[in-house]
């Protein structure tokens, strides 16, 4: 287990504690965005060609990019809904 996962867990715990009853989906969206960044960076150091390489990035990096886009889009959607409802 990577030590940065503990940092991500601490951030998520703080966000959940402050927003759990007020903002649905924020913690999960934030986890998707943060973990995808970590995974994207770690894949550069793995050097594992068996996972498939399409162009300059591995398959896991493409999945991480997609997951980050989805997580970020959800965070912005949640923020926009919250801003309009206040």
> Which of the peptides 59-65, 40-46 is most tightly packed, and how do the rest follow, judged by the mean count of other Cβ atoms within 10 Å per residue?
Replying inline: 59-65, 40-46
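How large is the convex hull of the Cα atoms of the chain per residue, expressed in Å³ as a whole number? All intermediate terms of the calculation are to be shown ahead of the outcome.
On the way: hull volume 7.9 nm³, N = 86.
Enclosed volume per residue, from the Cα hull, is 91 Å³.
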> If each of residue 46 and residue 13 carries a label point 7 Å out from its Cα toward its Cβ, how far apart are those two points in nm?
Replying inline: 2.8
> Which residue, 55, 71, 47, tops the fluctuation ranking in a GNM of the chain built on C-alpha contacts under 10 Å?
Replying inline: 55
> Hey, rough spin-label estimate for residue 4 and residue 77, points 7 angstrom out along Cα→Cβ, what's it come to in nanometres?
Replying inline: 2.6
> Helix 59-85 sits at what angle to the longest principal axis of the chain, using alpha carbons and giving 0 to 90 degrees rounded to 10?
Replying inline: 10
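Once you have the Cα-Cα distance between residue 59 and residue 28, take 0.36 nm times their residue separation minus that, and quote the gain in nm to one decimal. It would help to have the intermediate numbers written out before the result.
On the way: separation 31, 0.36 × 31 = 11.16 nm, distance 2.26 nm.
Here the segment from residue 59 to residue 28 would lengthen by 8.9 nm.
Just so you know, all these numbers are worked out from the coordinates, no wet-lab data involved. What you are looking at is a predicted structure, and each value in this text was computed from that prediction instead of being measured. Quick reminder, even Gly has a Cβ in these numbers, built from the backbone with ideal geometry, and neighbours come from all protein chains shown.
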